[in-house]
């Protein structure tokens, strides 16, 4: 059996130190590799995060631009259409009429004041013959200024839209003949225009309502 001398012990110690050094280098190399992977992942996440706010900013700017265009295309000082209504009933007639009929007239004056749209709706009226606008205050009668519906007679019980259309100043008659839509609006604002609806049973008017 071979005896171990001092030189052999030194050799063994050197071998152990060498193995420890190599093991340390391998651990260091592995640690550096893992660190590099972590850095790459962090950079990728950071770059991805930076891109998203950029897209969001672009979208926000696009929306702001669209809003600016919409706002600039609207003129705050432009005139608007004005609507007036009249609730029709037998109790408004002179003298009052006992009837189940009712109705609503809607007048819409165009923004440019050149025309007036109208919609006349009635409920449970029998044999309607005519519907006319008149000049006159509540409790008074006056001359016709425009015919909303002039026939034919709606025989039997009727519910629904009886007339829908528009007119201009040239269509006005009676005291407003030759006048303007502004003159008509002035009368309406003064509560001096009413609608009267006649039937076969009440030719002078079965339901009436003041425009306001």
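The values are calculated or read from the model by the stated rules, or taken from the named source; none is laboratory data. Since the model is a prediction, treat every value here as computed from it, not as a measurement. Quick reminder, even Gly has a Cβ in these numbers, built from the backbone with ideal geometry, and neighbours come from all protein chains shown.
Before moving on, here are some points about what is shown:
- Considering residues of region 93-110 that are in contact (Cβ under 8 Å) with a residue 24 or more places away in the chain and more than 20 Å from residue 212 (Cβ to Cβ) only, the residue surrounded by the fewest Cβ atoms within 10 Å (Cβ to Cβ): 100
- Residue within region 163-180 that is more than 25 Å from residue 109 (Cβ to Cβ) and part of a strand (DSSP E or B) present: no
- Against the conditions (1) touching a strand residue (DSSP E or B) at 6+ places or on another chain (Cβ under 7 Å); (2) surrounded by fewer than 18 Cβ atoms within 10 Å (Cβ to Cβ), residue 122 satisfies every one except (2).
- Comparison of 109, 116, 138 shows that the only residue that is over 21 Å from residue 162 (Cβ atoms) and in contact with a strand residue (DSSP E or B) (Cβ under 6 Å, 6 or more places away or on another chain) is 138.
- Residues satisfying the stated conditions in region 65-94, i.e. at pLDDT below 95 and in a helix (DSSP H, G or I): 65, 66, 67, 68, 69, 70, 71, 72, 73
- Test: residue in region 162-174 that is in contact (Cβ under 8 Å) with a residue 60 or more places away in the chain and either over 26 Å from residue 139 (Cα atoms) or out of contact with any helix residue (DSSP H, G or I) (no Cβ under 9 Å at 6 or more places or on another chain) (or both): no
- Test set (1) assigned to a strand (DSSP E or B); (2) in contact (Cβ under 8 Å) with a residue 40 or more places away in the chain; (3) more than 17 Å from residue 97 (Cβ to Cβ) - residue 155 fails condition number: (2)
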